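Everything on this sheet refers to the single structure shown next.
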Amino acid sequence: MADSAPADSRGVKENKIRTIEEIYLFSLPIKEYQIVDRFFGTALKDEVMKIMPVQKQTRAGQRTRFKAFVVIGDSNGHVGLGVKCSKEVATAIRGAIILAKLSVIPVRRGYWGSSLGEPHTVPGKVTGRCGSVICRLVPAPRGTGIVAAPTPKKLLQLAGITDCYTTSRGSTRTLGNFVKATFAAIGNTYGFLTPDLWKNTEFKQSPYQEFSDILAVCKIDMVYVLSSKYLIINSNFLRSNRRPPIRGGVKHLILIIHEGRWFKRSNNHCVSLK
Amino acid sequence: MSKVPSILNATEEDIQLLLSATCHIGAKNLNVQMLPYVHKRRPDGVHIINVGKTWEKLTFAARIICAIENPADVVVISARPYGQRAVLKYASYTGALPIAGRFTPGTFTNYITRSFKEPRLIIVTDPKSDQQAINEASYVNIPVIALADTDSPLKFVDVSIPTNNKAKHSIGLIYWMLAREVLRLRATIPREIPWSVMVDMFFYRDPEEAEKDAETAVTTTAAPEKGFSSFEPGNWDEGATDWGAEGPGAVSGINPALAATAKDVGGSSWDTPMEPAPPAPPAPVEETGGGGSWETPADDAGGWGDTTTTTTTAFNDGLETTTTFETTIRTTTGGSWADEPAENPSSGWD
């Protein structure tokens, strides 16, 4: 998986990126759900919110598919929401779980009153909207619990928010929009500038820059000896070569050397020398 | 403006080059965001770009490019033909990666694509035509440097180099200057000596122009040989073979081209009335002359000598196939509805 993958997951695989927070800090897009698995392991719990059959009319009747809404979270500051449509329920759920993992977002928690103990509620009033649905989250004192409809309640529980008042408006019966609106609201918790964030941040180098030398070298992970014309070179040779180094998207690298000069490379399993 | 060491200031020559390549000639339309770079609007509507600012943004862009440790992390893009050669040359001199021609959508966002790239920076020749690349860059945190004309949209563009991006000389020159500047900043090239690479290498060449150049090159090499062989009577055979060898080149270099065009012209005048030209010349003329008198109007493109019976059978076939299609669909939908477990709420469709 990793070698054909974007730099993000290569960084993770080689343990250069240690926490998911580092990914969030630079808004790096997460393209492979295994990255999220690696960081959370079993802590992530998923919950299927709804399986909704949707239909399309064909000249031969209706074609139904199933749309699955899955919410995933570790009840400690991270949530994800995935929506997937598929011809079978199981496939839809599986797909939705993957999408949910890819969309995992950090949740900022704060205090209602005195900052005693761990943060337990939303840091301020936040709102999110999707379609006609507006969902508003309001800080609540400790012990209130989540005062919400069953749908956003599930989402907030998985996010790790213990106490919260909510208000909603619009057609909340459309679960798809309702859940997306709450998700947007939760996402806005880190999008809000509060006074304690006024201090100047010291910028760090993004992982792409920090590890650019490592990312530049691609790994060779399969050895094929098909004929005497094929030789495998290790990555140091690649770097010393005058040609620009090969980046990303390479699964299996085979270099063809002829009289000591590199003149053909391939990304595929089976390479025929004409 | 920003405080930049005076060594990076534009020289007389640089400004002259920019002006002679018409880099200062903008477009008749003006995008509001490009307003600071425009010097004035001419009475005929064309906007004039402030070439001093062009130079400043150029050096700015060069400094950004140099800040990327791995030169292959820079991708240079041009969809339009005028910029393709420039982009390829730029890439070869600075070690960047070129994308000339079609930008496959998903190049930056879809890791399964063959052309998947993860640049740290992209340089774009025209924000309007290279829009797909700029759009994808916005998904993946990639900053964009663009050669922007007065009418270019600057959405998602981080650094714009104001210049004329319609003329091939202008595009070529800017890329040449960028390459030169980047190499100088990297200390690969000294600053005092003019760069050995000529600007012309970065200019777009028409394919016809390129062919003509190739032919004239052959002519000049062939000419002295011809002189030798023609004077020696004993070498008539050799002379003949020489002629044969250089047939395509030399004087006859012009002829094939002329001959080809003559043929085309002659051919087209014969052929165009009957586009799906059948091999036999006399027959088509007759048929078009007849104006479809003995052919049904429906048989336009089809068989020249075919009868009309084919059409009816074609229709029949069509009907048959549709019915079979319908029956197969029905069975599958029936099956799937029955299969799904009761977790579906009763929505009342069976």
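The values are calculated or read from the model by the stated rules, or taken from the named source; none is laboratory data. Remember, it's a predicted structure, so these values are computed and weren't measured experimentally. Neighbour counts run over all protein chains shown; Cβ positions are idealised from the backbone, glycine included. Surface areas here come from the heavy atoms of the whole protein model, side chains and all, with no ligands, DNA or RNA. Shrake-Rupley method; radii C 1.70, N 1.55, O 1.52, S 1.80 Å.
When Rg and the Kirkwood Rh are both derived from Cα coordinates, the Rg/Rh ratio for segment A:7-106 amounts to 1.10.
May I ask for the net charge around residue B:207, where only other residues with Cβ less than 14 Å from the Cβ of residue B:207 are counted and Lys, Arg are +1 while Asp, Glu are -1? It would help to have the intermediate numbers written out before the result.
On the way: positive: B:85, B:168, B:205, B:212; negative: B:206, B:208, B:209, B:211, B:213, B:215.
Value of the local net charge: -2.
Rolling a 1.4 Å probe across all protein chains gives residue B:39 an accessible area of roughly 130 Å². Entry comment: accessible area of segment A:7-106 is 47 Å² per residue, from protein heavy atoms only and a probe of 1.4 Å. Across segment A:157-166, rounded Karplus estimates of 3J(HN,Hα) from the backbone phi angles (6.51 cos²θ - 1.76 cosθ + 1.60, θ = phi - 60°) give 5, 5, 7, x, 8, 8, 10, 6, 9, 10 Hz, Gly and Pro being marked x. For segment B:83-165, the solvent-accessible area with a 1.4 angstrom probe is 37 square angstrom per residue. Kindly list the residues of segment A:142-170 that lie in the label zone of residue A:24, defined by a backbone N under 18 Å from the point 7 Å along the Cα-to-C-beta vector. Inside the label zone: A:155-163.
Go through B:195, A:198, A:112 and list them by solvent-accessible area, largest first, probe radius 1.4 Å. Walk me through the intermediate numbers first.
Values: B:195 35, A:198 180, A:112 155 Å².
Listed by decreasing accessible area, they come as A:198, A:112, B:195.
Summing +1 for each Lys or Arg and -1 for each Asp or Glu among the other residues whose beta-carbon sits under 12 angstrom from that of residue A:193 gives +1. Between the amide H of residue A:74 and those of A:45, distances stay under 5 Å, these residues lying 5 or more places away or on another chain, with hydrogens modeled in the peptide plane. Amide hydrogen proximity for residue A:164: with H placed 1.01 Å from N in the peptide plane, the residues at 5 or more positions away or on another chain lying under 5 Å are A:145, A:146, A:147. When chains B and A come together, the accessible area they lose, probed at 1.4 Å and totalled over both chains, is close to 2400 Å².
Can you list which of the trypsin sites (Lys or Arg not before Pro) found in segment B:1-76 are DSSP loop residues with at most 12 other C-beta atoms within 10 Å? Walk me through the intermediate numbers first.
Values: sites: B:3, B:28, B:40, B:41, B:53, B:57, B:63; in loops: B:3, B:28.
Of the trypsin sites (Lys or Arg not before Pro), the ones in loops of segment B:1-76 whose Cβ has at most 12 other Cβ atoms within 10 Å are B:3, B:28.
Each residue of segment B:41-53 is assigned a 3J(HN,Hα), and the resulting list reads 10, 6, x, 7, x, 7, 8, 9, 8, 6, 5, x, 5 Hz, derived from the Karplus form 6.51 cos²θ - 1.76 cosθ + 1.60 (θ = phi - 60°), x at Gly and Pro. Each of B:138, B:160 has its accessible area taken with a 1.4 Å probe; listed largest first, they run B:138, B:160. Got a sec? Which residues of segment B:30-69 lose 50 Å² or more of accessible surface with every protein chain in place, vs. that chain alone, 1.4 Å probe? Buried-area filter returns B:69. Going from the isolated chain to the complete set of protein chains, segment B:70-86 loses at least 30 Å² of heavy-atom accessible area (1.4 Å probe) at B:70, B:72, B:73. Computed across segment A:126-197, the Kirkwood radius stands at 12.2 Å (inverse of mean 1/r, all Cα pairs).
Taking Cα pairs under 8 Å and at least six residues apart, what relative contact order does segment B:95-190 come out at, in percent? The partial results should precede the final answer.
Details: 118 pairs, mean separation 18.0, N = 96.
The value is 19 percent.
Solvent-accessible surface, computed for protein heavy atoms with a probe of 1.4 Å, shrinks by 40 Å² or more for the following residues of segment B:95-135 when the other protein chains are added to the isolated chain: B:111, B:116, B:118, B:120.
Rounded to the nearest Hz, the phi-derived 3J(HN,Hα) couplings of segment A:67-81 under the Karplus curve 6.51 cos²θ - 1.76 cosθ + 1.60 (θ = phi - 60°) are 9, 10, 10, 10, 10, 10, x, 10, 6, 8, x, 9, 9, x, 10, where x marks glycine and proline.
The residues packed around residue B:57, meaning those with a beta-carbon under 12 Å from its beta-carbon, carry a net charge of -1 if Lys and Arg are +1 and Asp and Glu are -1. Counting only protein heavy atoms and a 1.4 Å probe, segment A:126-197 has 48 square angstrom of accessible area per residue. Within the accessible surface of segment A:126-197, defined with a 1.4 Å probe on protein heavy atoms only, the carbon and sulfur portion equals 55 percent. Residue A:75 contributes about 70 Å² of solvent-accessible surface, heavy atoms of the protein only, 1.4 Å probe.
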